[in-house]
1. If you check every pair at least six apart or on different chains, which have Cβ atoms under 7 Å apart with a residue in region 49-77 that is in a helix (DSSP H, G or I) first and a residue that is modelled with pLDDT of 60 or more and of a type in the set (A, V, I, L, M) second?
2. Which residues, taken from region 1-48, are among the hydrophobic types (A, V, I, L, M, F, W, C), part of a helix (DSSP H, G or I) and surrounded by fewer than 13 Cβ atoms within 10 Å (Cβ to Cβ)?
3. Please indicate, with yes or no, whether at least one residue in region 60-67 is touching a helix residue (DSSP H, G or I) at 6+ places or on another chain (Cβ under 9 Å), at pLDDT 95 or above and β-branched (Val, Ile, Thr).
Amino acid sequence: MIKRSDDALQGMKEICAYANRSESTIIDWKLKRGFPASKIGGGIWESSKTAIDKWKQGQVEKDDPEKQAISKKKKKR
């Protein structure tokens, strides 16, 4: 038997529960915003808590004008 990591999410139901969003939202985010989930053999979705948390943080930073300004300043240096 293969031991599963506590970080792993397997199946759309687990991914939706962790992200607190519907399946249609997850798929939309995957297609349009690069949400970190993949279909593996047999059409089973998988992701990880770490990847989702990192992605969410990136989305927050993208939408935060103050963080965008700081990022632009860093790039100019």
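1. Close Cβ pairs satisfying both conditions: LYS49/LEU9; ILE52/ALA19.
2. ALA17, LEU31
3. no
The values are calculated or read from the model by the stated rules, or taken from the named source; none is laboratory data. Bear in mind that the values here come from a model prediction, so they are computed numbers and not experimental data. Glycine also receives a Cβ, built like all others from the backbone with ideal geometry; neighbour counts cover every protein chain displayed.
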